[in-house]
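In what follows, a structure is listed as structure tokens, so that the remarks can point back to it.
The values are calculated or read from the model by the stated rules, or taken from the named source; none is laboratory data. Quick caveat, the model's predicted, so the values are computed rather than measured. Heads up, the Cβs are rebuilt from the backbone with ideal geometry, glycines too, and the neighbour counts pull from every protein chain shown.
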Amino acid sequence: MSSRLSRFLVLALVAGIAAAPAAPVSRFYAAVSMTKAQKNSSTPLDSGLYLRQADGQWTNFGPRILGVTSLATSPVNPASLLLASADGVVRTTDGGKTWRKTTGWEVADVRAIVFDHANPAHAYAATAWGPLRSTDGGASWQLAQQGLARLYCQTILTDPASGGHVLLGTEDGVYASHDGAVTWARTAFPAVSVLRLAQSAADPKLLLAGTQGRGAWLSRDGGQSWTAADPGSATANLYAAAISPHTATQLAVGGWGIGVRVSADGGRTWADRTAGLPAKNVFVLAFDPDVKGRLWASTFEEGTYYSDDLGRTWRDGGLYGAYAFDLVFLPPAP
């Protein structure tokens, strides 16, 4: 082979690599209410679900309803989405082109919603009136209250490593189900209100809980036992809790008046990382699955910020004026 032909093939290969499309990135949503400058309107044009675009701008997505609190996608069909709201559960099966409410008039104040990745047809919702379960992908819902001492709940997650294993944060601590939310049993957690649950993707046995007035709690055995985690926020109301999807060593909690606190050693030590944020009132934290080490924080009405050095410095991420309920990363659109 001539040297000229060899150089041509090398250049063609390099050009092909350079021209190859970038790897798909997650869909990044924020469920918010624009409370700082709420506009009077027959429809809530400035609240609901927002989708972050590639240029960093946020655009409205989905139905224009108030009280949107979270979003979940089917593990087998990215076009199937369930939206949690103050008015119930709203569902789309075509990627958001059309939406239909799938709960009745009696369902309100839905706070969180998840699919069971081990049982893709199963979905679960936490509401102010007790949890719900669906066995048909969110098309219909049933009460799921057996075994609960108190019904109020606002955080729920499923264990991707164990089908039917569901953890529910209630005002009476954390409850667990091993039969797909048919029955519940109390875990060894204090009888306090649980505001947020997070699970490590790197180590599914590692769980983090934020509570009302009792700070952060950790479980290293999948939720069977719990220990107080951070003395610096031991009496705080922690509305936010997050664990990096890339490593079980990076954790973060946040709350009203406490700002953001992070751990780089799996919860053994914690540091205040509020400096650089415009407010110490934080309601949501989320680690970015596409940018390793990136932490997102949503402050109360002062905007969303992100950090690439575990909170040592922060950059403006938009959504000024928003009261955020959740930041959700979903798989790429089909």
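What pairs come up if the first residue lies in segment 134-158 and is without any contact (Cβ under 8 Å) to a residue 12 or more places away in the chain and under 17 Å from Glu106 (Cβ atoms), the second is surrounded by 15 or more Cβ atoms within 10 Å (Cβ to Cβ) and not β-branched (Val, Ile, Thr), and their beta carbons are under 9 Å apart, counting only those six or more places apart or on different chains? The qualifying pairs are Gln142/Leu132; Gln142/Arg133; Gln142/Ser134.
As an exercise: evaluate Ala242 against (1) in a strand (DSSP E or B); (2) touching a Lys or Arg at 6+ places or on another chain (Cβ under 6 Å); (3) within 25 Å of Lys205 (Cα to Cα) and give the number of the one condition it does not meet. Of the numbered conditions (1) in a strand (DSSP E or B); (2) touching a Lys or Arg at 6+ places or on another chain (Cβ under 6 Å); (3) within 25 Å of Lys205 (Cα to Cα), the odd one out for Ala242 is (2).
Only one of these is under 21 Å from the mean Cα position of the chain (by Cα), closer than 26 Å to Arg261 by Cβ and in contact (Cβ under 8 Å) with a residue 40 or more places away in the chain: Ala209, Ala181, Ala161. Name it. Even if it seems obvious, please write down each step before you answer.
On the way: Ala181 fails: closer than 26 Å to Arg261 by Cβ; Ala161 fails: closer than 26 Å to Arg261 by Cβ.
Result: Ala209 is the single residue among Ala209, Ala181, Ala161 that is under 21 Å from the mean Cα position of the chain (by Cα), closer than 26 Å to Arg261 by Cβ and in contact (Cβ under 8 Å) with a residue 40 or more places away in the chain.
Give Ala19, Ala30 a once-over and let me know the one that is at pLDDT below 65 and not hydroxyl-bearing (Ser, Thr, Tyr).
Working: Ala30 fails: at pLDDT below 65.
Just one listed residue meets the conditions, Ala19.
Can you tell me how many residues within segment 83-108 are assigned to a loop (DSSP other than H, G, I, E, B) and either free of Cβ contacts under 8 Å to residues at least 40 places away in the same chain or of a type in the set (Val, Ile, Thr) (or both)?
The initial filter retains those residues of segment 83-108 that are assigned to a loop (DSSP other than H, G, I, E, B), namely 86-87, 93-99, 102-108.
From the residues that got through so far, the ones that are either free of Cβ contacts under 8 Å to residues at least 40 places away in the same chain or of a type in the set (Val, Ile, Thr) (or both) too are 86-87, 93-94, 96-99, 102-108.
Residues in segment 83-108 being assigned to a loop (DSSP other than H, G, I, E, B) and either free of Cβ contacts under 8 Å to residues at least 40 places away in the same chain or of a type in the set (Val, Ile, Thr) (or both): 15 in total.
Just to be sure I understand, how many residues within segment 277-334 are in contact with a Leu (Cβ under 8 Å, 6 or more places away or on another chain), at positive phi and either touching a residue at least 40 places away in the same chain (Cβ under 8 Å) or among the basic types (Lys, Arg) (or both)? Going through segment 277-334 one residue at a time, the tally reaches 3.
Please give the strands (runs of 3 or more DSSP E) falling wholly within segment 256-333 in which 2 or more residues are closer than 20 Å to Ser26 by Cα.
Values: elements: 259-263, 282-287, 295-299, 303-307, 315-318, 323-330.
It comes to 282-287, 295-299, 303-307, 315-318, 323-330.
Gly147 fulfils the conditions (1) more than 29 Å from Pro204 (Cβ to Cβ); (2) surrounded by fewer than 19 Cβ atoms within 10 Å (Cβ to Cβ) except for a single criterion, (1). The listed residues are Ala123, Ala176, Ala112, and the only one of them that is in contact (Cβ under 8 Å) with a residue 60 or more places away in the chain and part of a strand (DSSP E or B) turns out to be Ala112.
This table checks each residue for (1) among the β-branched types (Val, Ile, Thr); (2) within 20 Å of the chain's Cα centre (by Cα); (3) under 14 Å from Asp136 (Cα atoms).
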{"residue": "Gly67", "(1), (2), (3)": "no, yes, no"}
{"residue": "Asn77", "(1), (2), (3)": "no, yes, yes"}
{"residue": "Ala86", "(1), (2), (3)": "no, yes, no"}
{"residue": "Trp105", "(1), (2), (3)": "no, no, no"}
{"residue": "Asp109", "(1), (2), (3)": "no, yes, no"}
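Inspection of segment 136-144 finds no residue satisfying the criterion of being under 18 Å from Leu49 (Cα atoms) and assigned to a strand (DSSP E or B).
Filtering segment 188-204 to residues that are surrounded by fewer than 18 Cβ atoms within 10 Å (Cβ to Cβ) and either outside any strand (DSSP E or B) or in contact (Cβ under 8 Å) with a residue 60 or more places away in the chain (or both) leaves Pro190, Ala191, Ala201, Ala202, Asp203, Pro204. Any residue in segment 247-269 that is without any contact (Cβ under 8 Å) to a residue 24 or more places away in the chain sitting within a Cβ distance under 8 Å of a residue that is among the basic types (Lys, Arg)? List the pairs, counting only those 6 or more apart or interchain. Close Cβ pairs (under 8 Å, with a partner that is among the basic types (Lys, Arg)) amount to Gly259/Arg273; Gly259/Lys280.
Which residue, of Arg312, Arg268, Arg273, Arg294, is crowded, with 22+ Cβ neighbours inside 10 Å, over 22 Å from Gly67 (Cα atoms) and among the basic types (Lys, Arg)? Outline the logic, then answer.
Details: Arg312 fails: crowded, with 22+ Cβ neighbours inside 10 Å; Arg268 fails: crowded, with 22+ Cβ neighbours inside 10 Å; Arg294 fails: crowded, with 22+ Cβ neighbours inside 10 Å.
After applying the criteria, what remains is Arg273.
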